1. Report whether or not residue 150 is open to solvent by less than 30 Å² (accessible area, probe 1.4 Å) and in contact (Cβ under 8 Å) with a residue 12 or more places away in the chain.
2. Please work out which residue is modelled with the highest pLDDT, limiting yourself to segment 540-577 and to residues that are touching a helix residue (DSSP H, G or I) at 6+ places or on another chain (Cβ under 7 Å) and part of a helix (DSSP H, G or I).
3. Condition first: surrounded by fewer than 24 Cβ atoms within 10 Å (Cβ to Cβ), within 24 Å of residue 239 (Cβ to Cβ), in contact (Cβ under 8 Å) with a residue 24 or more places away in the chain and charged (D, E, K, R). Now tell me which residues in segment 267-315 satisfy that.
4. So which residues in segment 271-314 are of a type in the set (Asp, Glu) and within 15 Å of the chain's Cα centre (by Cα), if there are any at all?
5. Restricting to segment 96-135, name every residue that is in a helix (DSSP H, G or I) and more than 23 Å from residue 323 (Cα to Cα).
6. Would you check which residues across segment 263-313 are among the hydroxyl-bearing types (Ser, Thr, Tyr) and assigned to a loop (DSSP other than H, G, I, E, B) and list them?
7. Could you please let me know if residue 229 is open to solvent by 40 Å² or more (accessible area, probe 1.4 Å) and assigned to a loop (DSSP other than H, G, I, E, B)?
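The values are calculated or read from the model by the stated rules, or taken from the named source; none is laboratory data. All values derive from a computational prediction rather than experimental measurement. Every residue, glycine as well, gets a Cβ built from its backbone with ideal geometry; the counts of neighbours run over all protein chains shown. Accessible surface areas use protein heavy atoms only, side chains included; no ligands, DNA or RNA. Shrake-Rupley method; radii C 1.70, N 1.55, O 1.52, S 1.80 Å.
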Amino acid sequence: PQAFANGHEVSTAPVAATPASRASVSADHWKERWSKEELQAHSQKHVMATWGPGSAMRQVPLLTHSKGVYLFDIDGNKYLDWTCQAICTNLGYDVPPSVVSAINKQITELPMVYGGLGNTEIRIRLAALLSELLPGDLNGFLFPSGGSEANEAAIRIARRFTGRAKIINHYRSYHGGSAHSCAATGDFRRGFVEAAGAPAGFIKTMNPTDSHRFSFGATEEERSAQALAFLEEQIVCEGPGSIAAVMFESVIGSGGVHLAPKGYMEGVRALCNKYGILMICDEVMAGFGRTGKFWGFQNYDVIPDIVTSAKGLTGAYVPLSMVAVRDHIKEHFETNALGWGATFHAHPVALAVGYECVKYMLEHDLVNHAKNVIEPIMKEEIARLVDKYASLARGRCVGAFGCFDLVDPRTGEPVQNFDGSNCTNPDAVTAFRAALRANGLYGFVRPPMFHCAPALVISPEELKDGFQRADRALQVFDEASALDRRDLGSTARARGAFSIFCPPPLLGMAWCFWKALAQKSVSAGTSGVRVPDAVTAFRGALRANGLYGFVRPPMFHCAPALVITPEELKDGFQRADRALQ
């Protein structure tokens, strides 16, 4: 037996080979349907999970069919797809007839061509269409099978074009699950490849957006200036001649739906120009209308050197991605080997689907639908829910891409880290997941973020219904996370848009309650919403309960006379209790 690091012993005894024939496999494979019990048994025995442990997968819905923006499981439960699964089923589940026809036509006429040996009409036509939709001279195209593969190709192109190795990425980012794309990733998932010996040459820089513990400045302009100065310092310290590319998500996706502050992406473009570095925009999530622009980078005034995208290109009906490069890069590889390829690159059936899906988006004006129909509803509903629940620190959206930040109201900190560690209230998170499913909302949930990314074809009525379902699930989470109001050992102060709870300082007989009164924000950028009614009500309640003194929110002082009796002091706190309630 072979012994491995995890302690398991694996037998190496030879097993007699069985000739492959119909008789060598189960007759069940010719049955039209398997029972739920049969499916569950075979899933337990044969089906592996991806990012998480397999045991977690045994609890997910067993899906059977779909319609519109809804999914149905084997038990007949109906779910509204709240995040387009992995931000990819942008066109919903009613496949356009033109797409079905294109699949049938292509698979009948020419089902497969290896892209290294032959070209096809559909490859040429899709490349031409995308070149017309991209600005500037982004005219050269590859067509890999998924976002990770597209980013692998982009990294290879940048390195071979420049002759340099280093790639700079953000910490709050995700670029894929393959070796180089995962090493480029900034979030916890890069640990899976780093632990096994990650590819070298990937440098991380700080995002310009705020986190709950760090900010580059108080305004967008200040954050951009400081973050760009930080980035330039890194470029100089690393050596500009060693850096092939700066590779950023145009809009941070799984890391919380963050637009870059004003001027940042333009500043990145200027730094790339200054030091001869390529600029790569990862549009795997943000491309094809998700942000209310056809391309996410069109939220800024930049033209990247390389653009990658996937997901929405085919509405996720079949696997397909794209890499677009500017003319000078394309021309370089006319006489130099690009050095990347794959068997299913430019698969003609996938290309036919992508071609018709893009035309469908244009014919039905789905980008404007995302911007002018979906976004206003999302902004209104996000604002309403952030105002309603103490467990929501803030929310934001751009186009049909939104996210809430989930916090533990007892501490004001994120309820857990993005990798699931340091969860301060696992029962509340578990209850929230269960409530989402019970209320028929389907999608990925990764606390401390709660995403909302519906299909671009969703109707206003369906979207509002989705927010009602989310409201009921958030109520469960909020109640499970509720702060014990009788506990005077934890009060609050506000930092940015987050409430951070801390013990009240005691200086002799002077106490101060640092109480953040409804200072939450919801925005697509930096706009904020204040709730002055709560402050007015608080002042009125103090007076009604017979408490006199100066009140200056966000602080609520307590400094009684030094001759006060214990009974009088306790009575004062009872009055304050009623007003704080």
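1. Working: open to solvent by less than 30 Å² (accessible area, probe 1.4 Å): yes; in contact (Cβ under 8 Å) with a residue 12 or more places away in the chain: yes.
Taking the combined requirement at face value, the residue satisfies it.
2. The qualifying residue modelled with the highest pLDDT is 542.
3. Passing the criteria: only 269.
4. Matches in segment 271-314: 282, 283.
5. Those that are in a helix (DSSP H, G or I) and more than 23 Å from residue 323 (Cα to Cα): 97, 98, 100, 101, 104, 105, 107, 108, 109.
6. Restricting attention to segment 263-313, the residues satisfying the condition of being among the hydroxyl-bearing types (Ser, Thr, Tyr) are 264, 275, 291, 300, 308-309.
Listed by number, the residues that qualify are 291, 300.
7. Numbers: open to solvent by 40 Å² or more (accessible area, probe 1.4 Å): yes; assigned to a loop (DSSP other than H, G, I, E, B): no.
No, not satisfied.
Let's see how each residue does on (1) loosely packed, with under 13 Cβ neighbours inside 10 Å; (2) of a type in the set (D, E, K, R); (3) modelled with pLDDT of 95 or more:
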position: 67; (1), (2), (3): yes, yes, yes
position: 76; (1), (2), (3): yes, no, yes
position: 86; (1), (2), (3): no, no, yes
position: 90; (1), (2), (3): no, no, yes
